[in-house]
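The structure appears right after this line, and notes come after that.
Since every read-out is calculated from the coordinates, none of them should be taken as a lab result. Quick caveat: nothing in here was measured; it's all calculated off a predicted structure. All Cβ positions, glycine included, derive from the backbone under ideal geometry; neighbour counts span all protein chains shown.
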Amino acid sequence: MGETTRVLRRALESPGMVMAPFVFDGLQARLAEQAGFSAVYMTGFGTAAARGYPDVGLLTMTEMVANARSIAGAVDIPVICDADTGYGNALNVARTVGEYESAGAAALHIEDQVWPKRCGFLQGKEVIPMDDMLPKLRAALDARADPDFVVIARTDALQPHGWDEAEKRARAYSDAGADLVFVDGIRSVADLDEYQKRLGDLACVYNGQLEPSGAIGERGFKLMIHIATLGVAYLAMRDAMRELHETGSVRAAEDPRAFGEMVSLLGAAEALERAEKYA
C-alpha cells in the first residue's frame with residue numbers, strides 16, 4: 001500500500017542491518033532523516049514521556065496511532081512503531097494493525113506482556129501464556145492489508161522466566177509467521193552473546209547500545225533500535241531548563257545556527273512559497 005513498507009521490506013531482506021533511532025515526534029524524525037538514517041523507531045517509552053506519563057500502559061491505542069501518524073507524515077523514510085500488547089485480544093490486535101497501517105507506519109511490534117504492560121527494562125514484568133499470544137500474532141498477520149507491512153513479535157519472557165522460555169517463545173512466534181522476533185530486556189554483553197547463540201538463525205531485533213551498530217550488524221541482527229537519542233534529548237532539555245532557571249539564560253541558545261536550522265528543517269520557506277500561490 002505504501003512505498004515505505006516496500007522500502008523497509010527490501011532493506012530487511014537485503015544483507016546488512018537496518019538501524020532505527022528512537023524518536024517520539026516529527027522534529028526528531030526529520031533530524032534522523034536529515035542525518036541519513038533509513039528508518040526511525042517510534043518509541044512507546046518516549047511517546048508516553050512526551051505526554052508526561054511513565055511507560056506502564058497508560059497510553060491508549062488511539063494516542064499511539066496519532067503519534068505514529070504525526071511522525072510518518074513528517075518524513076519519507078519507514079517508521080517502525082511500538083504497539084505494546086496490541087491493546088487487547090486477537091480482535092483488538094487486528095484493529096491495531098489496521099490503524100497503524102492507515103497512519104502510515106511501515107512496521108510494528110506487539111509483545112507478550114500482560115496488560116497493563118511496562119517498559120521492557122523495568123523490573124516486575126509478567127507475560128501471558130504463549131498459547132494466548134500466538135492467536136494475537138496470527139490475527140496481526142491476517143489483518144495487514146499490505147503484505148509488505150512488517151509484523152514483529154516481541155517477547156518479554158527473559159526477565160521473569162529466563163532464556164529457555166524466551167527462546168521457546170521467539171521460535172514459536174517465528175514459526176507462526178512473524179517477520180522478525182525481538183527479545184527485549186538485554187542488559188549485558190553476556191545476554192547479547194546468548195541472544196546471538198540461541199536465535200542467530202532467525203531474523204532478530206536488538207534494542208540497546210551495548211555495542212556499536214557495526215558490531216551488532218556483524219552478529220547477524222536485522223534491525224537495531226537505538227535508545228541513546230532518547231536519553232540525550234532528555235539530558236539536554238533538563239540541563240537547559242536548569243541553566244535558564246539558575247542564570248536567566250542558556251548559553252547554547254546563543255548559537256545562531258539553532259533557530260535558522262530548525263526553520264529550514266521544518267520547511268518554513270517552502271510552506272510560505274506555497275501560500276503565495278493563494279495570496
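Using amide H atoms built in the peptide plane, which far-off residues or other-chain residues are under 5 Å from Thr85 H to H?
For Thr85, whose amide H was placed from the backbone, the distant partners under 5 Å are Glu111.
Using the structure shown, select from Lys117/Lys222; Lys197/Lys222; Lys136/Lys197 the pairs with a Cα to Cα distance greater than 22 angstrom.
Too far apart for the 22 Å limit: Lys117/Lys222; Lys136/Lys197.
Which one, Ala258, Val205, Ala271, is farthest towards the positive end of the dipole of the chain when Lys and Arg carry +1 and Asp and Glu -1 on their Cβ?
So the residue furthest toward the plus end is Ala271.
Give me the net charge of Ala39's neighbourhood, meaning all other residues with Cβ under 15 Å from the Cβ of Ala39; Lys, Arg count +1, Asp, Glu -1.
Computed value for this residue: -2.
Taking a label point 7 Å from the Cα of Val263 along the Cα→Cβ vector, which residues of region 21-50 have an amide N closer than 20 Å to it?
Taking a point 7 Å out along Cα→Cβ of Val263, the residues of region 21-50 whose backbone N falls under 20 Å are 27-28, 30-31.
Would you compute, from DSSP H runs of 4+ residues alone, the mean residue ellipticity of the chain at 222 nm, taking -39500 (n - 2.57) per run and dividing by the full residue count, rounded to the nearest 500?
-15000 deg cm²/dmol
If the only charges are +1 at each Lys and Arg Cβ and -1 at each Asp and Glu Cβ, what is the size of the charge dipole of the chain around the Cα centre, to the nearest 20 debye?
Charge dipole, the chain, about its Cα centre: 160 debye, nearest 20.
What does the charge count around Glu243 come to, taking other residues whose C-beta lies under 12 Å from its C-beta (Lys +1, Arg +1, Asp -1, Glu -1)?
Computed value for this residue: 0.
Which FRET efficiency value, to the nearest 0.05, do you get for Asn89 and Thr247 by plugging their Cβ-Cβ distance into 1/(1 + (r/R0)^6) with R0 = 45 Å?
E between Asn89 and Thr247, to the nearest 0.05, is 0.25.
Quick check on the exposure proxy: order Val250, Val232, Val181 from fewest to most C-beta atoms within 10 angstrom.
Val232, Val250, Val181
Suppose we keep just the DSSP beta bridges with both residues in the chain; what percent of those would be antiparallel, to 5?
If I count the DSSP bridges inside the chain, around 5 percent turn out antiparallel.
For Tyr278, Tyr195, which order do you get if you count the other beta carbons within 10 Å of each Cβ and list the fewest first?
Tyr278, Tyr195
For a test of the definition: using alpha carbon positions, the gyration tensor, and the 1.5 limit on a/c, classify region 35-193 as rounded, prolate or oblate.
Since a/c stays below 1.5, the shape of region 35-193 is classed as rounded.
log₁₀ I(q)/I(0) of region 120-241 at q = 0.11, 0.12 Å⁻¹, via Debye over equal Cα point scatterers, no solvent, to two decimals?
The computed values of log10 I(q)/I(0) come out as -0.42, -0.49.
If eta is 1.306 mPa s and T is 10 °C, what Stokes-Einstein diffusion coefficient results for region 1-128, Kirkwood Rh from Cα pairs, in µm²/s?
Translational D for this selection: 107 µm²/s.
Which order results if Val205, Val75 are arranged by neighbouring Cβ count within 10 Å, fewest first?
Val75, Val205
When the dipole is taken about the Cα centre of region 34-121, and only Lys, Arg (+1) and Asp, Glu (-1) are charged at their Cβ, what size is it in debye, to the nearest 20?
Around 140 debye, computed over region 34-121.
Applying 1/(1 + (r/R0)^6) with R0 = 45 Å to the Cβ-Cβ distance of Gln196 and Leu235, what FRET efficiency is obtained, to the nearest 0.05?
According to the calculation, E is roughly 0.90.
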